[in-house]
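Rule-based calculations on the coordinates, nothing more; no lab input. Since this is a predicted model, take the numbers as computed values, not measurements. Neighbour counts are summed over all protein chains in view; Cβ atoms, including those assigned to glycine, are modelled from backbone coordinates with ideal geometry.
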Amino acid sequence: MSDRIVVTGGAGYIGSHVCVELLSRGASLLVIDNFANSHPEAVTRIQEIANADVVLLERDMADPAHKTDIVKAVKDFRPDGGIHLAGLKAVGESVAEPARYYSVNIGSALTLIEALEAANARTIVFSSSATVYGEDNANPVDEAGATAPTNPYGRTKYFIEDMIKDIARSDDKWRAVNLRYFNPVGAHPSGKIGEDPNGLPNNLFPFIAQVAVGRREKLSVFGNDYPTSDGTGIRDYIHVSDLARGHAAALSYLHQQETGCAIDVNLGTGVGYSVLEAVAAFKRASNRDIPYEIVPRRDGDIAEIYANASLAQKLFNWRAEKSLKEMCADHWRWQSQNPDGYTD
Ligand code: WQD
């Protein structure tokens, strides 16, 4: 791959793994990140792992005062396309601060689109989420599933998907894929990069990992009264390295398209695991106890969702390969080697 790709949010959890994957395929990268929920050390480690340098621009994709610099840097980089990962992603926070979420997430997407148009590089892969699906779809959920996000974060993802489709309909030079991630977990096998959430983790795997490494006393299991095998929530956990390969596969697919397109594609394994199954798998992988307490359900959670991932297989010749055991082993290696995440 000789592509020249702009990666917004490239220092983040997903972004760092996407950068490693693209660099390993010979791509040249411009990484734009404001380090609001990521760390400069991640960029250093990306370059160590891939034995390749990236061009780094520390700017805020959502700050109007930074737009001129961003557009100029993107034009000067002469990209073939962009991957948009920058944004706010905490569901609970989005309920408390909806205006900020709409402003940051939609604003940052528009800035990248404007920059890519200025650079005449109308190819984009957008980091969307299975959160756009409602709770009434039958599992496995395919891309035709009803979209009814239940929180502002999910609605920003849904609105940006439609914004990209509108832009592609207005200008057939645009080629776009909205990747609907299910639940990304795990870490690069080196243990050098991984998930390092600010403050109290919102998500299950980073919380379990912090309990295993002794940073947290116990896990709160949000409800065991769901209509599932063991009463706890079921999700489609996908290894972040498989997810990163999916981004490279999506870019390759877009570069082969003669005319414009804008499609939604699930990235999941097609297999669901419950909270307690994930806890048991992590215990086996880490050989650490994971104390937990059953507490009431978390508002907004759904009982069960897992992907129909056949469209990605059909279009990109991509499928998730790593098992839950590998997800837990790799997540644990990152957490045990970096008990406090990326530190100054
Ligand atoms: C998974 C399961 C919880 C934490 C969200 C976003 C999605 C994406 C991933 C950003 C559920 C249970 C969790 C805990 C628990 N985020 N749980 N105790 O809610 O499926 O998806 O995060 O891109 O867009 O919607 O992921 O990891 O928060 O929850 O019992 O401390 O674990 O109830 O069943 P979720 P999650």
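Scanning segment 28-37 for residues that are under 21 Å from residue 74 (Cβ atoms) and either part of a strand (DSSP E or B) or touching a residue at least 60 places away in the same chain (Cβ under 8 Å) (or both) yields 28, 29, 30, 31, 32. Would you confirm, using the coordinates I've provided, whether residue 244 is assigned to a strand (DSSP E or B), among the aliphatic types (A, V, I, L, M), closer than 30 Å to residue 166 by Cα and in contact with a helix residue (DSSP H, G or I) (Cβ under 7 Å, 6 or more places away or on another chain)? In short, no.
Of 238, 290, all but one fail to be closer than 17 Å to residue 203 by Cβ, in contact (Cβ under 8 Å) with a residue 24 or more places away in the chain, β-branched (Val, Ile, Thr) and assigned to a loop (DSSP other than H, G, I, E, B); the exception is 290.
If the condition is being closer than 22 Å to residue 301 by Cβ, surrounded by 24 or more Cβ atoms within 10 Å (Cβ to Cβ) and not β-branched (Val, Ile, Thr), then segment 206-234 contributes 209, 233. Quick one: is residue 197 in contact (Cβ under 8 Å) with a residue 24 or more places away in the chain, surrounded by fewer than 21 Cβ atoms within 10 Å (Cβ to Cβ) and under 30 Å from residue 250 (Cβ atoms)? Yes.
Restricting attention to segment 188-222 and to residues that are within 13 Å of the ligand (Cβ to nearest atom) and of a type in the set (Asp, Glu), the residue that is nearest to residue 10 (Cα to Cα) turns out to be 195. Among the residues of segment 247-278, those that are over 25 Å from residue 20 (Cα atoms), assigned to a helix (DSSP H, G or I) and either away from the ligand (no atom under 16 Å from the Cβ) or of a type outside the set (Asp, Glu) (or both) comprise 275, 276, 278. Consider segment 119-131 and keep the residues that are assigned to a loop (DSSP other than H, G, I, E, B) and not hydrophobic (A, V, I, L, M, F, W, C). The one that is nearest to the chain's Cα centre (by Cα) is 122.
Every condition in (1) touching a helix residue (DSSP H, G or I) at 6+ places or on another chain (Cβ under 9 Å); (2) at negative phi; (3) not β-branched (Val, Ile, Thr) is met by residue 191 except one, and the failing one is (2). A search for C-beta distances below 7 Å between a residue of segment 122-135 that is away from the ligand (no atom under 11 Å from the Cβ) and any residue that is among the aromatic types (Phe, Trp, Tyr), counting only pairs 6+ apart in sequence or on different chains, returns 122/174. Residues in segment 52-66 that are without any contact (Cβ under 8 Å) to a residue 24 or more places away in the chain and in a loop (DSSP other than H, G, I, E, B): 53 alone. Inside segment 67-118, residues that are more than 16 Å from the ligand (Cβ to nearest atom), of a type in the set (Asp, Glu) and not in a helix (DSSP H, G or I) make up a count of 1. Please specify each residue of segment 301-318 satisfying the condition of being within 24 Å of residue 135 (Cα to Cα), of a type outside the set (D, E, K, R) and surrounded by fewer than 16 Cβ atoms within 10 Å (Cβ to Cβ). 310 - this is the single residue of segment 301-318 that is within 24 Å of residue 135 (Cα to Cα), of a type outside the set (D, E, K, R) and surrounded by fewer than 16 Cβ atoms within 10 Å (Cβ to Cβ). Count of segment 279-305 residues, restricted to those that are in contact with a Lys or Arg (Cβ under 8 Å, 6 or more places away or on another chain), charged (D, E, K, R) and near the ligand (Cβ under 8 Å from one of its atoms), is 0.
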